[in-house]
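**Q** Here's a structure for you.
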Amino acid sequence: MWNDSLYVVVKDRLSEEVIDYIAHKPFDVLSLSHGKWHDVSRLIKYKDKITELNIRGDDIDWQSISELSYIERLFIDIGAGSKCDLALNKLTHLKHLNSDWCKGFEHNLKNLDNLKSVVIRGYKKEDFNSFEKMVSLEFLELVGTRTLSSLDAINNFKKLRYLEIGNCGKLANVSAAIDLPKLESLWLDKCKVDNDYSVLSNLSSINEIFIGGAMQDLRWLKNLKTLTRLRLDCKLEDGELDFLYDMPNLKFVLFNNKRNFSVKIKDIQKHLEAKGHNQAELRMTGLTFDEAFK
């Protein structure tokens, strides 16, 4: 969310006072928080004012929300697996979607070719085919992806800059990521142990990598000449990390020390500090959602 946004937060219900405020006052974000939203139809006449909507609760009038066609940013927090009858294809201005994975989404996402960013919690599919038509996608984050076993269809995202996949214990092959020509930031957490990460050494435009989980080694990282930021949460069979000192553009590193790591975090950070890279400041930066779309 933008830090300077003017929020209208509504709890429980749409009272007459709330409707009057929406009708006459300027605002950026409408948040329907923890209530029963069966009367959203009252908002339709003001749809041109509602460009960002956050919704939590139950008994939601999805049909009326589908008529709020000026929405550009939509946040849905109703619990993964809940039913959502929202007709996303009617939200013709929608560019940013942050949602739990809901029943009905599988076919609802197919034709959203204007979406620039998607964050999904509790993704339930085995591949990326649900997103295959999102040709404008630049930012994709999947949290709790225990069923994901394939990156098939990811090569459709020619504009993708940020990819984050968390808890992907069934994902056994990450090689398709190298087919993303504009990828700047890659986060992979707890993928299948037998993954061959060395294929990622062919990422030509990567600036930032987070890798979590168990793996053989990280020697493939030294081939990433454009890499500036590295975060690790790994258990390595081979803890050789001395190559980090020789990576030409590396500015920031963060990991927890392990007994078999050849480099201590304080030593590599001291080395980077000596080159003028303030580790405390750089820790708070990176290609985040708001940074990508501000």
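**Q** Suppose we filter the range 35-61 for residues that are of a type outside the set (A, V, I, L, M, F, W, C) and either farther than 20 Å from H93 by Cβ or part of a loop (DSSP other than H, G, I, E, B) (or both); how many remain?
**A** So the answer is 11.
**Q** Here is a follow-up. Among (1) buried (at least 16 other Cβ atoms within 10 Å of the Cβ); (2) farther than 22 Å from L140 by Cβ; (3) modelled with pLDDT under 95; (4) among the charged types (D, E, K, R), where does K251 come up short?
**A** All conditions are met except number (3).
**Q** Moving to a separate point now. If a residue counts only when it is in contact with a helix residue (DSSP H, G or I) (Cβ under 6 Å, 6 or more places away or on another chain) and in the same structural domain as S117 (by TED's automatic domain parsing), which strands (runs of 3 or more DSSP E) contained entirely in the range 197-294 have at least 2 such residues? Step through it out loud before you land on a result.
**A** Details: elements: 208-215, 229-236, 252-254.
Of the strands (runs of 3 or more DSSP E) lying wholly inside the range 197-294, those with at least 2 residues that are in contact with a helix residue (DSSP H, G or I) (Cβ under 6 Å, 6 or more places away or on another chain) and in the same structural domain as S117 (by TED's automatic domain parsing) span 252-254.
**Q** On to the next question. Is the range 177-185 home to any residue that is in a strand (DSSP E or B) and among the hydroxyl-bearing types (S, T, Y)?
**A** Yes: the range 177-185 contains one or more residues that are in a strand (DSSP E or B) and among the hydroxyl-bearing types (S, T, Y).
**Q** Residue check: is D194 surrounded by 12 or more Cβ atoms within 10 Å (Cβ to Cβ) and not in a helix (DSSP H, G or I)? Let's see the steps before the verdict.
**A** Values: surrounded by 12 or more Cβ atoms within 10 Å (Cβ to Cβ): no; not in a helix (DSSP H, G or I): yes.
No; evaluated as a whole, the condition is false for this residue.
**Q** Count, please, the residues in the range 132-141 that happen to be touching a helix residue (DSSP H, G or I) at 6+ places or on another chain (Cβ under 9 Å), buried (at least 16 other Cβ atoms within 10 Å of the Cβ) and in a loop (DSSP other than H, G, I, E, B).
**A** 5
**Q** Could you list, in sequence order, the residues of the range 106-126 that are part of a loop (DSSP other than H, G, I, E, B), surrounded by fewer than 17 Cβ atoms within 10 Å (Cβ to Cβ) and of a type in the set (D, E, K, R)?
**A** Our first condition is that a residue be part of a loop (DSSP other than H, G, I, E, B); within the range 106-126, this holds for 109-116, 122-126.
From what's left, surrounded by fewer than 17 Cβ atoms within 10 Å (Cβ to Cβ): 110-111, 113-114, 126.
Matches in the range 106-126: K110, D113, E126.
**Q** Another question, if that's okay. Checking the conditions here, which among S99, S64 is among the small types (G, A, S), more than 20 Å from K49 (Cα to Cα) and not in a loop (DSSP other than H, G, I, E, B)?
**A** Result: S99 is the single residue among S99, S64 that is among the small types (G, A, S), more than 20 Å from K49 (Cα to Cα) and not in a loop (DSSP other than H, G, I, E, B).
**Q** Identify the residue in the range 142-162 that is touching a Lys or Arg at 6+ places or on another chain (Cβ under 9 Å) and not in a loop (DSSP other than H, G, I, E, B) and, among all such residues, is surrounded by the most Cβ atoms within 10 Å (Cβ to Cβ).
**A** L142
The values are calculated or read from the model by the stated rules, or taken from the named source; none is laboratory data. Keep in mind it's a predicted model, so treat the numbers as computed, not measured. When we count neighbours, we look across all protein chains shown, and the Cβ atoms used for this are built from the backbone with ideal geometry, even at glycine.
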